[in-house]
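Written below as structure tokens is the structure these notes are about.
The values are calculated or read from the model by the stated rules, or taken from the named source; none is laboratory data. Note that this is a predicted model, so its numbers are computed, not measured. Here Cβ is always computed from backbone atoms with ideal geometry, including for glycine, and neighbour counts include all displayed protein chains. Each accessible area value is taken on the protein alone, full model and side chains, heavy atoms only, with ligands, DNA and RNA left out. Shrake-Rupley method; radii C 1.70, N 1.55, O 1.52, S 1.80 Å.
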Amino acid sequence: MNYISTRNKALKLTSSEAIKKGLSDDGGLFVPESFPRLKKSDIESLTGKSYIERANFILGKFLTDFTKEEIEECTVGAYGGGRFSSEKVAPLVKLDDSAYVLELWHGPTCAFKDMALQILPRFMTTAMKKTGEDKTVVILVATSGDTGKAALEGFRDVDGTKIVVFYPSDGVSDMQKLQMITQEGGNVCVEGIRGNFDDAQTGVKKIFTNEKIIKELADNGFVFSSANSINWGRLVPQIVYYVSAYCDMVEGGEIENGDMINICVPTGNFGNILAAYYAKKMGLPVNKFICASNRNDVLTDFIRTGVYDKNREFYQSISPSMDILISSNLERLLFDVCGKDDNKIKDLMDKLSRDGKYSLTKTMHNRIGKLFWAGCCDDYFTKVRIWKTFAENGYTPDTHTAVALDVYKQYLEQTGDMTKTVIASTASPFKFANSVLSALGVEPYGYDDFQQLVLLSEKTDMDIPESLAGLSGKDVRFNEVISSNDMYGSIKRVLDIK
Ligand SMILES: *Cc1c(COP(=O)(O)O)cnc(C)c1O
């Protein structure tokens with residue numbers, strides 16, 4: 001199967017090439033030329049199988065230039081060997097008659113980014129071998145908090161790679177920052193940026209598509225790639241857990257094979273929810289995608305009106321991984337709903353970078369409106385939802401998951417649709433202990449980050465994730481904060497390019 005760019009569909013690459021490159025030279029994103037089919041009988045045969053077996057099956061359909069053995073090596077390395085604290089890797093927890101929480105945070109950094117970033121480096125090194133790449137791959141990451149740590153952890157000391165992570169210095173939680181600035185590994189670098197996530201992401205994209213920079217790098221033996229969800233290798237592993245959740249529901253007798261489900265996702269860059277949409281394109285029976293945003297509600301307005309307008313105030317919220325005004329992966333959905341019209345996409349994306357705004361055609365908006373429902377939830381209601389879920393269901397969601405739970409309740413109230421719904425839970429509550437504690441009525445003020453973990457564990461009877469407790473006492477290795485104009489400068493310093 002080939003991959004094409006959303007801004008040039010004449011360009012055709014293998015999956016190895018698409019994963020190695022990350023972003024197309026034309027600024028577009030790689031998408032599969034067509035979608036493999038997932039039949040009812042496939043789902044039948046995947047129930048009763050392990051997560052790794054399910055992953056082998058789904059990934060094999062997309063990464064057609066990888067051998068079976070290569071894919072297995074990647075999945076076993078990523079999801080086996082006790083790297084995930086749950087044997088199921090992505091367990092599904094039933095909250096009530098219609099709501100099921102899909103816990104995606106049992107990996108080494110306690111956020112759902114591990115689901116993809118534990119396997120992406122393995123795809124990448126395999127892809128480098130297959131394409132005969134002899135340059136060192138430099139992974140550039142812009143992070144709103146969780147991607148950075150998960151990518152650092154995934155790529156640390158991986159041969160033939162270096163990784164540079166940029167995060168908004170005042171836009172991540174204390175725990176997120178501590179996770180990154182104490183990162184170990186000989187090939188890693190972490191830089192704070194004065195600015196927000198969009199500044200970091202825009203900066204990275206500019207560097208990626210700057211021909212002069214690309215040439216300078218190549219002359220020095222380096223080639224860029226991306227670990228952000230613009231990379232196809234980030235998205236494809238995320239399709240697996242939606243299929244896996246469906247299989248678990250069939251296996252547990254919650255639904256019959258063939259029944260429709262809904263999927264609700266706390267959304268930032270639109271990667272996670274897009275993976276769910278791709279699962280449906282393969283044939284997974286999904287009725288509605290519920291797109292949940294925090295106070296940065298650009299996607300809510302977009303799905304409701306068909307107008308994307310990022311010209312609005314940017315808010316820092318208690319769900320920082322969703323503090324985003326430019327959702328990159330939307331481009332992939334648009335490409336799909338406009339009938340793969342690459343010129344149309346170029347036109348819309350030009351408008352976005354010129355005016356910060358674009359409008360969909362009626363047809364495109366109707367197609368999106370049929371499948372997607374959107375809502376948002378501010379910090380106050382996020383905390384109320386944490387408290388209510390704890391009190392009513394005995395379950396403690398993190399701040400991001402709480403946004404999704406709240407928007408799901410709004411959906412239920414407005415539509416009465418009782419279709420069983422999978423709600424993506426994207427982080428461990430311990431990662432945002434401060435906000436979760438205060439939502440539960442425990443005053444965190446006066447306690448340091450690690451004391452807060454203990455308080456939360458006492459309040460909820462949950463175990464503290466070892467990887468967070470273990471940060472205590474680690475040395476800070478990276479405390480530089482730079483201007484977003486100096487991002488390439490810092491890359492050159494790291495790579496020792498004069
Ligand atoms: C990254 C992240 C999100 C947003 O996911 P997207 O794929 O960018 O939409 C939501 N919650 C958490 C905890 C995250 O780390």
Expressed as a whole percentage, what fraction of the accessible surface of the chain belongs to carbon and sulfur atoms when a 1.4 Å probe is rolled over the protein heavy atoms? 45
Using a 1.4 Å probe on heavy atoms of the protein chains only, the accessible area for Asp406 in Å², nearest 10, reads 10
With N residues in segment 270-343, Rg(alpha-carbon) / (2.2 N^0.38 Å) equals 1.18
Sticking with the crude label model, points 7 Å out along Cα→Cβ, report the distance from Asn366 to Val476 in nm, one decimal please. 5.7
Considering only DSSP states other than H, G, I, E and B, which GluC sites (Glu not before Pro) in segment 160-225 qualify as loop sites with at most 13 other Cβ atoms within 10 Å? Glu184
Distance in nm between Met260 and Arg156 label points, each 7 Å along Cα→Cβ, equals 4.6
Please state, to two decimals, what the Cα-based radius of gyration of the chain comes to when divided by 2.2 N^0.38 Å (N = residues). 0.91
Quote the relative contact order of segment 141-269 in percent (integer), defining contacts as alpha-carbon pairs under 8 Å separated by 6+ residues. 22
Kyte-Doolittle at least -0.5, axis length at least 27 Å by Cα - qualifying DSSP helices, the chain: 232-251
For Lys177, give me every one of the lysines with a C-alpha distance below 19 angstrom, ignoring sequence neighbours fewer than eight places off in its own chain. Lys113, Lys149, Lys431, Lys474
What's the magnitude of the charge dipole for segment 88-197 around its Cα centre, counting Lys and Arg as +1 and Asp and Glu as -1 at the beta-carbon? Answer in Debye, nearest 20. 320
Of all trypsin sites (Lys or Arg not before Pro) in segment 434-490, the ones in DSSP coil with at most 15 other Cβ atoms within 10 Å are Lys474, Arg477
Across bins of 5 angstrom width beginning at 0, how are the C-alpha pair distances of segment 40-193 distributed, in whole percent? 2, 9, 16, 18, 19, 16, 11, 7, 3, 1, 0
Where the chain is the region considered: accessible area per residue in Å², 1.4 Å probe: 38
For the chain, what is the charge dipole size about the Cα centre, in debye to the nearest 20, if Lys and Arg each add +1 at the Cβ and Asp and Glu each add -1 at the Cβ? 1580
How much length is gained if the chain between Lys340 and Asp309 is pulled fully straight, taking 0.36 nm per residue apart and subtracting their Cα-Cα distance, in nm to one decimal? 8.9 nm
log10 I(q)/I(0) for segment 324-419, Debye formula on C-alpha points only (no solvent), q = 0.23 Å⁻¹, two decimals, reads -1.11
Grab the beta carbon distance between Arg194 and Asp463, set R0 = 35 Å, and tell me the FRET efficiency rounded to 0.05. 0.40
Between segment 74-114 and segment 436-474, what is the separation of their alpha carbon centroids in Å? 21
Could you tell me how far the Cα centroid of segment 354-385 sits from the Cα centroid of segment 16-63, in Å? 26
Hey, got a sec? Which trypsin sites (Lys or Arg not before Pro) in segment 302-360 land in a DSSP loop and have at most 13 other Cβ atoms within 10 Å? Arg312
Rounded, prolate or oblate (a/c below 1.5 giving rounded, otherwise prolate when a/b exceeds b/c) for segment 146-286 by Cα gyration tensor: prolate
Segment 69-161: relative contact order from alpha carbon pairs under 8 Å, six or more residues apart, as a whole percent, is 26
Looking at Gln201, Gly22, Leu348, which one has the Cα that reaches farthest to the positive end of the dipole of the chain (charges on Cβ: Lys, Arg +1; Asp, Glu -1)? Leu348
Label model pair Asn485, Lys498: point-to-point distance (7 angstrom along the Cα→beta-carbon line) in nm is 2.6
